[in-house]
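The structure appears below as structure tokens.
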């Protein structure tokens, strides 16, 4: 059985990023992430390794690095280590959408969350889509809203450009709590799917819904298997959207079962800008 970490920064990685300090951010599902402060800046350093269920996670940091080099102006470093691959990318300061909307989940009555926050998330997604990419793993914790802007992070599953073959792998879905029905159906039928912009819009709607209400877009038991979760998404309608105002109405359209009925990310932005 593979080791499950967390893993410290290997010596050769430390020689590249020269950390002055480091803080463990997360270790799960084949990824150890460190917040590293170095003489030349602050970095998110990711170490990929095989998880108990997936081998592709070992290649995810290098795959993401290849994508980021096509999208951002800052330097992104990457390489290999004994368990898989690693990357060092600019640290994005801020709060996740899920953290930011926590007061709405504690409110006794449904309240309309900030359309400005929703717009900034939609704009980050629309920028990615305009560049020809689909993210493939849109979820509340991947939107970081901070003092210098809103960032859409964790692009290891994105599709739309060139990726070195040695670090590429098939897309087998994302965190199911935000997965669109057509993606779940494809995973159940063939084991793989193709990330789409329409699927990203659905996931953004599901992310806004869960961040505001605390409820998943589709109901299923907490201990349901991954396949049973996906089958519920395929078979059942999403929960009623009880978010008041124009944002709730827009979420409903974003989570339409038919991808053709969903607004594009650019249309979501236009509607949020014009909402009253």
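The values are calculated or read from the model by the stated rules, or taken from the named source; none is laboratory data. A quick note: this is a predicted structure, and the numbers were derived from the prediction, not measured. Here Cβ is always computed from backbone atoms with ideal geometry, including for glycine, and neighbour counts include all displayed protein chains.
Of all residues in the stretch 263-276, which are outside any loop (DSSP other than H, G, I, E, B) and touching a residue at least 24 places away in the same chain (Cβ under 8 Å)?
Hits for the stretch 263-276 are 265, 266, 268, 269, 271, 272, 273.
Where residues in the stretch 216-231 are buried (at least 17 other Cβ atoms within 10 Å of the Cβ) and outside any helix (DSSP H, G or I), which of them is farthest from the chain's Cα centre (by Cα)?
So the residue we want is 220.
Select from the stretch 97-119 the residues that are outside any helix (DSSP H, G or I) and buried (at least 18 other Cβ atoms within 10 Å of the Cβ) and list them in ascending order.
101, 113
List every residue pair whose Cβ atoms sit under 7 Å apart, with the two residues 6 or more apart in sequence or on different chains, where the first one lies in the stretch 66-83 and is outside the structural domain of residue 157 (by TED's automatic domain parsing) and within 16 Å of residue 40 (Cβ to Cβ) and the second, anywhere, is modelled with pLDDT of 95 or more and part of a loop (DSSP other than H, G, I, E, B).
That search, which allows pairs on different chains as well, returns 76/69.
Select from the stretch 146-160 the residues that are more than 8 Å from the chain's Cα centre (by Cα) and surrounded by 22 or more Cβ atoms within 10 Å (Cβ to Cβ) and write down the one among them that is nearest to residue 88 (Cα to Cα).
156
For the stretch 55-67, check the following and say yes or no: at least one residue is modelled with pLDDT under 95, surrounded by fewer than 18 Cβ atoms within 10 Å (Cβ to Cβ) and in a loop (DSSP other than H, G, I, E, B).
Checked against the condition, which is being modelled with pLDDT under 95, surrounded by fewer than 18 Cβ atoms within 10 Å (Cβ to Cβ) and in a loop (DSSP other than H, G, I, E, B), the stretch 55-67 yields at least one hit.
In the stretch 246-262, how many are more than 15 Å from residue 207 (Cβ to Cβ) and not in a helix (DSSP H, G or I)?
Residues in the stretch 246-262 being more than 15 Å from residue 207 (Cβ to Cβ) and not in a helix (DSSP H, G or I): 3 in total.
Take the stretch 167-209 and flag every residue that is in a helix (DSSP H, G or I), over 28 Å from residue 114 (Cα atoms) and in contact (Cβ under 8 Å) with a residue 24 or more places away in the chain.
If the condition is that a residue be in a helix (DSSP H, G or I), over 28 Å from residue 114 (Cα atoms) and in contact (Cβ under 8 Å) with a residue 24 or more places away in the chain, then 167, 182, 184, 185, 187, 188 are the ones that fit.
Select from the stretch 232-245 the residues that are surrounded by fewer than 16 Cβ atoms within 10 Å (Cβ to Cβ) and either outside any helix (DSSP H, G or I) or in contact (Cβ under 8 Å) with a residue 12 or more places away in the chain (or both) and list them in ascending order.
Within the stretch 232-245, 236, 237, 240, 242, 244, 245 qualify.
With the requirement that a residue be closer than 21 Å to residue 175 by Cα and either assigned to a loop (DSSP other than H, G, I, E, B) or not assigned by TED's automatic domain parsing to the domain that holds residue 75 (or both), what does the stretch 7-51 give you?
29, 30, 49, 50, 51
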